[in-house]
Amino acid sequence: MTPAPLSILIVDDQPSVVAVLETVLRELFPEVELLTAGSAEEAWELIQRHRPAIVLCDIVLPGETSGLGLCQRIKATPELASTYVILMTAFDTAEWREAALYQYRADAYLRKPFRIAELQEKLEAAFRALQSRPQPQQDIVLTASDELLQLLQTLLEIRSPALRQLSTQLHHCCQWLADHAEGLEERERLLLPRAGTVYPVGRLALPDSLLYEPMTHSGHLAHELLVQIPLAAAAVCRQHSRLLPLVPILEAVTENYDGTGFPHHLRAWEIPLPARLLRLAVDFEELLWSTSQEPLAVAAHLERFARQAYDPQLLPLLRQYAVLRQAGATARSVALHELREGMRLLCDVQTRSGIKLLPSGTVLTSALIERLLRHHVNDPIVGVLIVQLPAEEA
């Protein structure tokens, strides 16, 4: 049950969006007080007067101040810094996410058009965070600037520009996985992309002969010295309080799903979810980085080692990301409610139980869309749907 004193401020210049949010939130959380504003300036006045616990704010707003600017102003004001800010936008790109979560210090990010289940999940996470806010020294990684990560990437570039490229690609892959994986806490969604950025720092401990070797081959270490990559990266993170929360993720990245990994021979769900996701991202991006293979070929190679090295329930997410990487501008990621007749699937549709509902290449009809919607109620579809738009819309 959400405490009664909590209040939510909705900031959006589209009355229809505000009306929908009000209706949904009153149904989901009837005990919460709702406030609304149509601009950042109006919102700032309400924030100062009412001190809402949560601000649900669109990034694009009329006037001189955007939602990003409002968030920055909230977080820069000591007495308001604990306000939980969720930024909303239809511009779902890595650059927008990085700006929202890191530069402007938002607590969460919500894509528009949003799904009710995702909105509820974000707000319930906000309520939990507000009820048990960690002490500043524990939470410092969430408010750290990008300067420290940029410094580490500069060190990588000094050794080899290719290492910085790997760091950037790992960040993007981990960000996508964090956005679409179920079961991650909001804090873990923030930490995972940073763990991807920092991981290649461990390669600085390698001799030149191994500098460009992927860490694993066929689900196991390609060379005994390559274990130094995550261990050295974790050692660097231990030296700075802002990076300390990344250590458990990095140290568990060499665990295998079947318990044959190290250092603790963890298996399946004993391995932290962020570490399972980072392992997928690392093996995928390192093979792309060190070979001439296409993204889908790399994803197919990793799928051969499901249940041995990788969590089989996470592999569909990686395939979706690989399709987006390989198809480029012709591919779109859409939610179920956005499906329309004539769209062609670019990736198999798989459910949480492992059932493949529709294969890649299927052109959607109204009957197939209805089938997907019905099945999703009892056996949710993993991730998003990757489609190609009809020719007249492309």
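Just so it is clear, none of the values below were taken in a lab; they were calculated from the coordinates. Computed from a predicted model, the values in this text were never measured in an experiment. Counting neighbours? That spans all protein chains shown, and the Cβs are built from the backbone with ideal geometry, glycine included.
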ask   = Setting aside same-chain residues fewer than 8 positions from LYS122, which lysines have a Cα under 25 Å from its Cα?
value = LYS75, LYS112
note = Given unit charges at Cβ for Lys, Arg (+) and Asp, Glu (-), the dipole magnitude of the chain about its Cα centre in debye, nearest 20, is 560 debye
note = Least to most buried among LEU70, LEU273, by other C-beta atoms within 10 Å and fewest first, runs LEU273, LEU70
query = Which cross-chain or sequence-distant (5 or more) residues have an amide H under 5 Å from the amide H of LEU9, H modelled 1.01 Å from N in plane?
reply = LEU35, ILE54, VAL55, LEU56
query = Between LEU35 and LEU155, what is the spin-label point distance in nm, taking each point 7 Å from the Cα along the Cα→C-beta axis?
reply = 4.3 nm
query = Expressed in nm to one decimal, what extension gain is obtained for the pair SER241 and LEU211 from 0.36 nm per residue of sequence separation less their Cα-Cα distance?
reply = 8.0 nm
query = For ARG115 and GLN131 in the same chain, what is the full-extension length gain: residue separation times 0.36 nm, less their Cα-Cα distance, in nm?
reply = 3.3 nm
remark   = Checked against the positive end of the charge dipole of the chain (+1 on Cβ of Lys and Arg, -1 on Cβ of Asp and Glu, about the Cα centre), the farthest of TRP44, GLY354, SER218 is SER218
message = If amide hydrogens are placed 1.01 Å from N in the peptide plane, which non-local residues have theirs closer than 5 Å to the one on LEU61?
response = GLY67
remark   = Among (1) 24.4, 95; (2) 21.7, 62; (3) 23.5, 77, the value of Rg and Dmax of the Cα atoms in Å computed for this structure carries the label (2)
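Under the definition of Cα pairs under 8 Å and six or more residues apart, what whole-number percent is the relative contact order of the stretch 142-325?
20 percent
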ask   = Label-point separation (nm) for GLN14 and GLU270, each offset 7 Å from Cα along Cα-to-Cβ?
value = 4.8 nm
message = Rounded to the nearest 5, what % of DSSP beta bridges with both residues in the chain are antiparallel?
response = 35 percent
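Roughly speaking, what is the stretch gain from SER7 to ALA76, that is 0.36 nm per residue apart minus the C-alpha to C-alpha distance, in nm to one decimal?
Answer, rounded to one decimal: 22.8 nm.
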query = With each label point set 7 Å from Cα along the Cα-Cβ vector, what nm distance links LEU231 and ALA297?
reply = 3.3 nm
note = Amide H contacts under 5 Å for LEU110, restricted to residues at least 5 apart in sequence or on another chain and with H modeled in the peptide plane, are LEU87, MET88, THR89
query = Can you list the HN-Hα couplings for the stretch 8-13, worked out from phi with the Karplus curve (6.51, -1.76, 1.60; θ = phi - 60°), rounded to whole Hz and with x for Gly and Pro?
reply = 10, 9, 9, 10, 7, 8
inquiry  = Once you order the gyration tensor axes a ≥ b ≥ c over the Cα atoms, which shape class does the stretch 142-325 get: rounded for a/c under 1.5, otherwise prolate or oblate by comparing a/b with b/c?
reply    = rounded
task = Would you compute, from DSSP H runs of 4+ residues alone, the mean residue ellipticity of the chain at 222 nm, taking -39500 (n - 2.57) per run and dividing by the full residue count, rounded to the nearest 500?
result = -14000 deg cm²/dmol
key: Three-way shape label, the stretch 295-394, alpha-carbon gyration tensor, a/c 1.5   = oblate
